[in-house]
Every structure is written in structure tokens, then in C-alpha cells.
Amino acid sequence: MPRSRLITLVLVGLGAGFLSGLFGVGGGTVIVPALVAFAAFNRKLASGTSLAAIVPTSIAGVITYGIGGHVHWPTAGILAIGTVVGAQIGTWLLAKLSTQFLRWAFVVFLVVVAVQLLLTVPVRDGDVDLSWGLAVGLVAVGLVTGVLSGLLGVGGGIIVVPAMILLFGYSDLLAKGTSLLMMIPTALSGTIGNWRRKNVDLRAGLVIGVSACLTVTLGSLTAGVISPQLANILFVAFLAFLIVKTVLEALKARKKA
């Protein structure tokens, strides 16, 4: 691997790791556009490689949140039931849909998430009372998350975290830690599906994932220090940047077509 490419992948991993720990996401929202813009990946390969990188990143994040008691294992297991199935559906769709469609789908997806976060008032003392109704709701959220995970190369945290806070009343830190735990089987399932369809660069994913492990703890600790309101504002600002960047990319590709 050329040195310049290795440096690019390491920097992508460091950035993704910090944001993963800070927001409870897998880092796909950073990895996918970064690989497209700076490493000459097409979007399908970037999505698949992103999922592979999310596996070690999520493990490191779960350890940090778990030490602070901010991981709810039963919830993660219930979510994983839906995400593992959904990830296979998403990777199947990835092999069939056009790159331009995926760009616009990514934009719509980010806009929806940003609006959700703006409408969410997170708390630090949210409690969990598991019931059959909650379990069914979590499985449904997990299924949708898994599909988008396999399709867009995101770990699912940008869906699960707002859903857990807004729909089910989880505290923001508990939602983030649990989200990272849920991503591990989700990302593994999606990576296997992408590997079978040759939509993943495992070596690049490993470099990014190992690099992300170096900064995910810093992001997790930062999340516990800043207020949940500030965390939401920062995340929405980050999503707004990604939306603009992806729209410009799609418009540029349309002109070339």
C-alpha cells in the first residue's frame, strides 16, 4: 500500500473514531464520504469498507462506555435481532442500486436524522423499563437500521441513538453506549454480505478500524463532559456539512453524465 494512501486511511480512522465515541455512531458518516473524496473509492466500495472498519471501532467504544455503566446489554441484543437481518437486505440492495441513487438516498437519510436531533431534548437520567411493546419497537427500529447500514455503509447509530432517546426515553449516554454494542453484530453481518459480493476492501477497513480505536475513547470521554444539548448541536452541524458535500458530489456527477 502506498504511503500516501496509508496516511489517508489512518487520518480517516482517527477522525471517525473520535466522532464514533462522541456521538455513539459507527463512523460511517465520516468514512464513506472521506474514502470517496480522498482515497478514490467508489461509493459502493466505500460503504462496504466502512462497515468493516466499524467492527473494531465499536468494540473499543463499548469498552469505554461500559466502564461508565452506559451500556444496556438486553436492549442491544433486541436491536441486533433486527439489524442482522436488515443488514443482509441492505447489502443485497447495494449490489443492485445505482451509485447516483445511493448519493441522494444518503442525503435524504442525513436530513431526516438532522431533523430528528433538532426535535430531541436528550436527558442524562433516562431509565429503561423493558416490556413486550418496547421489545417489538426496538426490533422494528433494528430492522430499518440494518437495511440502511448495509445499504449506506453506516453502523446505524445515527438512527438508533435518536430513536432510543426520542421514542423510548433512554438517556443520551446510555443510548450511545448501547448503540455501539448493537453495531458489532450488525457490522459483522453486513461485512460478510459485502465480502461475498466483493463490495469491501478488508485491508483498508482494518487500517481505518485500528486507527479509529486510538481516538474512540477520547470521543467517549468528551461525550460525558459536554452537555447533551451541545452534543446534539455539534452533531447536527456535522450532518449539515455532510449533506452539502454529498449534494455537491451528486450534482457534479450528474453534469458529467
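The values are calculated or read from the model by the stated rules, or taken from the named source; none is laboratory data. If you're wondering where the values come from, they're calculated on a predicted model, not measured in any experiment. Counting neighbours? That spans all protein chains shown, and the Cβs are built from the backbone with ideal geometry, glycine included. Areas reflect the complete protein model, heavy atoms only, side chains present, ligands, DNA and RNA absent. Shrake-Rupley method; radii C 1.70, N 1.55, O 1.52, S 1.80 Å.
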In debye to the nearest 20, how big a dipole does segment 119-257 give about its Cα centre with +1 on each Lys and Arg Cβ and -1 on each Asp and Glu Cβ?
980 debye
Summed residue charge, Cβ within 11 Å of Ala52's Cβ, Lys/Arg positive, Asp/Glu negative:
0
Put +1 on the Cβ of every Lys and Arg and -1 on every Asp and Glu Cβ in the chain; which of Val128, Ala240, Gly219 then has its Cα farthest towards the positive end of the dipole?
Ala240
Taking only protein heavy atoms and a 1.4 Å probe, what accessible area per residue, in Å², does segment 154-257 have with all protein chains in place?
44 Å²
One would report the Cα pair-distance distribution of segment 41-175, bin width 5 Å, in %, as 2, 10, 18, 22, 21, 15, 8, 3, 1
Return the Cα extents of the chain along principal axes one, two and three, sorted largest first, each rounded to a whole Å.
51, 33, 31
Under 22 Å between alpha carbons, and skipping anything fewer than 8 positions from Lys256 in its own chain: which lysines qualify?
Lys44, Lys96, Lys245
Please identify, among Leu138, Leu22, Leu234, the residue showing maximal mean-square fluctuation in a Gaussian network model of the chain using a 10 angstrom Cα cutoff.
Leu234
Carbon plus sulfur, as percent of the 1.4 Å-probe accessible area of the chain, comes to 73 percent
Using a Gaussian network for the chain with springs between C-alpha atoms less than 10 Å apart, which of these wobbles most: Ser47, Ser189, Ser179?
Ser189
Order Phe238, Phe41, most accessible first, counting only protein heavy atoms with a 1.4 angstrom probe.
Phe238, Phe41
Test of understanding: what is the full-extension gain from Ile226 to Val115, defined as 0.36 nm times their sequence separation minus their Cα-Cα distance?
37.9 nm
Rounded to whole Å², per residue accessible area for segment 1-115 with a 1.4 Å probe reads 37 Å²
Pick from Ala40, Ala163, Ala53: which is most flexible by mean-square fluctuation in a GNM of the chain where alpha carbon atoms under 10 Å apart are linked?
Ala40
Could you compute the net charge surrounding Thr246? Neighbours are other residues with a C-beta less than 14 Å from the C-beta of Thr246; K and R count +1, D and E count -1.
+4
